[in-house]
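Remarks on the structure that follows.
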Amino acid sequence: EKGGWSSFMAKEISEEPEAVAKTILGRVDDRGTVTIPELDGLDELFLDIDRIVVIACGTASYAGAVGKYAIEKWAKVPVDVELSHEFRYREPVITPRTLVISISQSGETMDTLMAVKFARESGARTVSICNTQGATIPRESDAVVYTHAGPEVAVASTKAFVAQITALYLLALHVARVRGALSAEVIAEQAAELQAIPDKIAAVLENNDTIEQLAHWMADTRAVLFLGRHVGFPIAMEGALKLKELAYIHAEGFAAGELKHGPIALIEPGQPVFVVVPSPRGAQTIHSKVVSNIEEIRARGARIIAIAEEGDVAVLPSADEVIRIPLAGPLFEPLLSVVPLQVFAMALASAKGLDVDQPRNLAKSVTVE
Ligand code: M6R
């Protein structure tokens, strides 16, 4: 039931802190050791693999794209992220040392199910990340890591997305431990960062007024662009997808570094652009490059809404609006920066009088290929 909320989507966004906390529960001990009990007995497999392929569709694929950064950094295994429907209809190189990780909220998405079956038949080992107990995809996989976001009713995926990133990060730390790729100390530090995320999401949710007002002002907007870099890139893609599916507005996400390779031609006076700004405490070069991107598009008249961490003053001269997120380690920013983008799409769709839970032409679970 919706409780006191105006929509399932509003309710589900409010449940994001809990979705992350419950997904972590029972997988990090008092000393900060990350062990996913469902992966017990797979140590040999994790020691043997030389490559990971993540397969998923839509929002789940953007969670996978975020996860790639963590798996490569922590577990030091190369990762490719593929759309399920593209993976299956070519001749991907799969060996017994390939681990295929599927991500699906429903566990019933036909494109992903067929890709998992194909991967198994081709000799890969398969792990599924799924939010629905006993669904078909986990049953077809060698192992499953459940996300514990609770049932997601709204067609647009929100709380499942943050839970999927959480599960991927736990998986990355689990594999890093087994492979000896990280020290116990570093694993504990990262686990503590993850455990701090639920309270930080709750803080973001308390500051929704600016983004909701913005959505009301922008109800007549025809096109919105989203820019991000590093883990902010898949977040830009996800922000654009949310706006397309909920508000029926043409929206595109880009890697900020691609701007000068084409998309900057789209910038004309008044064009709204959301920019997911990486922390200045992380890789300095990435932060300053994104700030330069903001200045470049500002000079061409773009209207800039920056999602930036508290205290980042570099964005102030060029951004029209700044949405603040609490400080977090660089890899953890996506779990915070996606929230205002979800709220924005929902508020804009509501301002247009649209049904945010049941957007036109879409189904919650896509059970045909
Ligand atoms: O159930 P799944 O996670 O496999 O669904 C995958 C996509 O169909 C899904 O994420 C879709 O993109 C959502 N409508 C996005 O909000």
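Here are a few things to note about the model shown:
- From the list Glu38, Glu44, Glu86, the lone residue that is within 16 Å of the ligand (Cβ to nearest atom) and either surrounded by fewer than 20 Cβ atoms within 10 Å (Cβ to Cβ) or not acidic (Asp, Glu) (or both) is Glu86.
- So Thr132, is it within 15 Å of the ligand (Cβ to nearest atom), at pLDDT 95 or above, β-branched (Val, Ile, Thr) and surrounded by fewer than 23 Cβ atoms within 10 Å (Cβ to Cβ): yes
- Screening Ala299 on (1) hydrophobic (A, V, I, L, M, F, W, C); (2) within 27 Å of Ile165 (Cβ to Cβ); (3) modelled with pLDDT of 95 or more shows it passes everything except condition (2).
- Residue list for the range 110-128, filter: out of contact with any helix residue (DSSP H, G or I) (no Cβ under 7 Å at 6 or more places or on another chain) and either of a type in the set (A, V, I, L, M, F, W, C) or within 9 Å of the ligand (Cβ to nearest atom) (or both): Met110, Ala119, Ala124, Val127
- All told, Leu327 meets the bar of being touching a residue at least 24 places away in the same chain (Cβ under 8 Å), over 19 Å from Leu225 (Cα atoms), in contact with a strand residue (DSSP E or B) (Cβ under 6 Å, 6 or more places away or on another chain) and not in a strand (DSSP E or B).
- Residue in the range 52-64 that is in contact with a helix residue (DSSP H, G or I) (Cβ under 9 Å, 6 or more places away or on another chain), of a type in the set (Phe, Trp, Tyr), more than 14 Å from the ligand (Cβ to nearest atom) and in a helix (DSSP H, G or I) present: no
- Listed here are the helices (runs of 4 or more DSSP H) enclosed by the range 174-259 that have at least 2 residues being within 16 Å of the ligand (Cβ to nearest atom) and in contact with a strand residue (DSSP E or B) (Cβ under 6 Å, 6 or more places away or on another chain): 232-247.
- Flag if Ala302 is crowded, with 24+ Cβ neighbours inside 10 Å, out of contact with any Ser or Thr (no Cβ under 6 Å at 6 or more places or on another chain) and over 28 Å from Lys200 (Cβ atoms): yes
- Tally of residues being free of Cβ contacts under 8 Å to residues at least 60 places away in the same chain, under 22 Å from Tyr69 (Cβ atoms) and either among the acidic types (Asp, Glu) or outside any helix (DSSP H, G or I) (or both) across the range 262-302: 8
- Scanning the range 203-224 finds no residues that are in contact with a helix residue (DSSP H, G or I) (Cβ under 7 Å, 6 or more places away or on another chain) and of a type in the set (Lys, Arg).
- Residues that are under 15 Å from Ile71 (Cβ atoms), within 16 Å of the ligand (Cβ to nearest atom), surrounded by 24 or more Cβ atoms within 10 Å (Cβ to Cβ) and not basic (Lys, Arg) do occur in the range 136-155.
- When residues in the range 333-369 are screened for being of a type in the set (Gly, Ala, Ser), out of contact with any Pro (no Cβ under 8 Å at 6 or more places or on another chain), within 15 Å of the ligand (Cβ to nearest atom) and modelled with pLDDT of 95 or more, 1 of them pass.
- Pick from the range 77-133, criterion part of a strand (DSSP E or B) and among the hydroxyl-bearing types (Ser, Thr, Tyr), ranking: nearest to the chain's Cα centre (by Cα): Ser104
The values are calculated or read from the model by the stated rules, or taken from the named source; none is laboratory data. Predicted model only: the values in this text are computed from it and were never measured. Neighbour counts are summed over all protein chains in view; Cβ atoms, including those assigned to glycine, are modelled from backbone coordinates with ideal geometry.
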